[in-house]
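Taking it in order: structure first as C-alpha cells, then the write-up.
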C-alpha cells in the first residue's frame, strides 16, 4: 500500500479523544475514570477558590457520578462563534472561560480540555447550569449533543453547576463486570482537597452513606492528619507572598517514619512534585549544614522529614493534562527562600529541637559510615571466598580435611596445633574417621556478637572457619553446599575451653545462624580423666561421673588438655561410639537469648557462666 499525501488524515477532537483517551486524560482503566472525576471536580473547586459557593457535592455509584457546586454556573446561549456555548464548552478542545485571568485567578482548570474529554468519552453526560434566573439542561450521548440548545428547566435565583456522567468502559478498557469508579480513592481525594480549599464543605455520598469534609486551618490540619511520631514538638512553618500574585506556604517536621513530600498548587495535589521539591531540598541541605556546622548528606538530612508545599499561582505550568507535576521555574527559588527563612526562624526559637535533630543526624552519619564499612567488608569477603574456592586453597597447617565430605561428615573445631595434631592422629583408626575433619583455631577467636561485621570478616580464624564450611557471608544460605553436615566444638574441659566454645557459637550465630537452627552444631566432650584397672579403661567427663564411679579402683589419670592425650585415649574417648559424648546444641529461643546476653560487651556475665556452669550443659 502506497504511503503518500493522500495517506495523511486529520481527526476531529471527539474521534481523537475516544480513540486515544490516554493522550488527553493520561491513563487507562479506573485510573482514567479517576482523572475524569478530577477534571470535573477541578472546575467545581475553581468556583470555590474564586469565592463562589462554599459547598461541593459528589455522588457516585458503580458507574455513574454526579458533581454539584454552588458557583456562578456554566454560561449558556449563543456567542459570536456558536448558537449554544454549552455545546462548545463540552465538545470542543481548548474551550474555556479561564484563559482570561480577569474572571479566574489561581485556579486548577486551565486548558479547556479536561471536561470536553470527559464528555466525549462518556456514554451519557448531562449538564445542569443555574444562572441568570433559571436552570438550564443539556444532554450528550457518546459526546454528541441531544439538542441544539439548552432547555430551560425552571426559574431559580440559585447559581451553580451539576454534571452527571457515565464513562464509556469500552473506551477506557474496563471490563463490564468491573465498576467504573474506585470509590475509596475518590473519598480520599475529596478529604485531601478539603484541606487546601479551607472552609468549603465537601459532601460525598455513595451506597446510602454520606460523609462531610471541611478544614478550618488548611495545611496545618493536613499536617496534623498526616504526621505521627514527630521527633520534635515545634514544626517549621512559613507563608510568603511574591510578586506576580504568588503565595507559597510551607510546613516541615521530622518524624520517625519515612521521608514524604506533598506539593499542592491552587488546591490540587501534584503527586510527582516538580520544581518546588528541588527548592525544598536545597534549602534543607544548605541551611541545616550551616546551622550544624557539618556536611551531612542531603538525603540523610531529609530522612523521616515530612514537607508540605502549598502554592497559589495565577499561571501554573504543568507537565501534562493530569497536572501531577508543576514546572514553573521560578518556584524553585521561591520555595527555597521560604524554607530557608522558615528553618532559620524555627532554629532561633527552638534551639532544643534543633540540637535534637543534629544529634539524630550525627548518629545517622555514624551509622551510615559503619554501614559503608560493612558493605565494603562484605564485598571484600565475597571476593576472597570466591578466590579461595576457585583456587581450592585451604591453610593445610590449620585444617586437616576429611577424606569424604558431605552431609555425613563432621568438622571438629579444636584450639591450637597441639590438640589438632593429636586429634588428627586419633581419628585414623576411628569408625568413619575418613569423614572427620579437624580445624585448629588459634587462641580465642573474635567475639562476633560484640564487634562490627567488618572486624569479624577480617578475622583470620573466621575466614578459615567459613572457608572450611564452604560458606560466604552475604550470600543466600544453601545447606546442600555445606562441606560438612555437622560441626563439633571440642575444647579442653576448662575455663578457656568453655569460652572458646561460646566464641565459636557466637560466630555461627552472627554469620550463619541457619547452622544452629538446623541442629548441626554439637559439643564433643573431652574426658577429664581416665581410670585404668587390669588392662581396662574407663573415661569420666564430669566431676559427677568421677564421684559415682562406685567400687571401681585403679590408676586415675587426669588430662590437662587434648594435646597431652595418647592416640589410643583419643580414639576411645572421642571417636569410639561406646564412649563418645557428642551432644547436640539444639536451638531454643531462651538459649539464643542467653548466648546474645553472654557474648555482649559486658564481660562479667560471660566469666560467671564459664566458671560456674558446665559448658556441656549449655543448650541453645
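Worth a mention:
- Residue within region 438-454 that is closer than 13 Å to residue 511 by Cβ and without any contact (Cβ under 8 Å) to a residue 24 or more places away in the chain present: yes
Residue-by-condition table, conditions (1) out of contact with any helix residue (DSSP H, G or I) (no Cβ under 6 Å at 6 or more places or on another chain); (2) in a helix (DSSP H, G or I):
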residue	(1), (2)
359	yes, yes
366	yes, yes
370	yes, yes
378	yes, yes
388	no, yes
402	no, no
414	no, no
437	yes, no
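- Candidate set from region 3-31 (those that are under 19 Å from residue 270 (Cβ atoms) and assigned to a helix (DSSP H, G or I)); member that is modelled with the highest pLDDT: 31
For (1) assigned by TED's automatic domain parsing to the domain that holds residue 29; (2) within 45 Å of the chain's Cα centre (by Cα); (3) modelled with pLDDT of 85 or more, each residue gets a yes or a no:
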| site | (1), (2), (3) |
| --- | --- |
| 70 | yes, yes, yes |
| 73 | yes, no, yes |
| 79 | yes, no, no |
| 86 | yes, no, yes |
| 112 | yes, yes, no |
| 124 | yes, yes, yes |
| 133 | yes, no, yes |
| 138 | yes, no, yes |
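- Qualifying residue in region 248-264 (condition: modelled with pLDDT of 90 or more, farther than 26 Å from residue 230 by Cα, buried (at least 18 other Cβ atoms within 10 Å of the Cβ) and not assigned by TED's automatic domain parsing to the domain that holds residue 116): no
- The numbered conditions (1) free of Cβ contacts under 8 Å to residues at least 60 places away in the same chain; (2) in a strand (DSSP E or B); (3) surrounded by fewer than 22 Cβ atoms within 10 Å (Cβ to Cβ) are all true for residue 522 except (1).
So that you can scan it fast, the table gives a plain yes or no per residue for (1) more than 27 Å from residue 351 (Cα to Cα); (2) not assigned by TED's automatic domain parsing to the domain that holds residue 336:
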site	(1), (2)
174	yes, yes
187	yes, yes
205	yes, yes
224	no, no
233	no, no
238	no, no
242	yes, no
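- Checking each residue in region 579-599 for being modelled with pLDDT of 75 or more and in contact with a helix residue (DSSP H, G or I) (Cβ under 8 Å, 6 or more places away or on another chain) picks out 579, 580, 581, 583, 585.
- Residue list for region 215-240, restricted to those being assigned to a loop (DSSP other than H, G, I, E, B) and buried (at least 17 other Cβ atoms within 10 Å of the Cβ): 215, 218, 227, 232, 235
- Selection from region 324-346 of residues that are surrounded by 20 or more Cβ atoms within 10 Å (Cβ to Cβ), assigned to a helix (DSSP H, G or I) and in contact (Cβ under 8 Å) with a residue 60 or more places away in the chain: 331, 334, 335, 338, 339, 342, 343, 346
- Residue in region 228-241 that is more than 30 Å from residue 303 (Cβ to Cβ) and touching a residue at least 12 places away in the same chain (Cβ under 8 Å) present: no
- Evaluation of residue 563 against (1) in a loop (DSSP other than H, G, I, E, B); (2) modelled with pLDDT under 85; (3) closer than 30 Å to residue 432 by Cα (one fails), failing number: (1)
The values are calculated or read from the model by the stated rules, or taken from the named source; none is laboratory data. Note that the structure is a prediction, hence the values are computed from the model and not measured. Here Cβ is always computed from backbone atoms with ideal geometry, including for glycine, and neighbour counts include all displayed protein chains.
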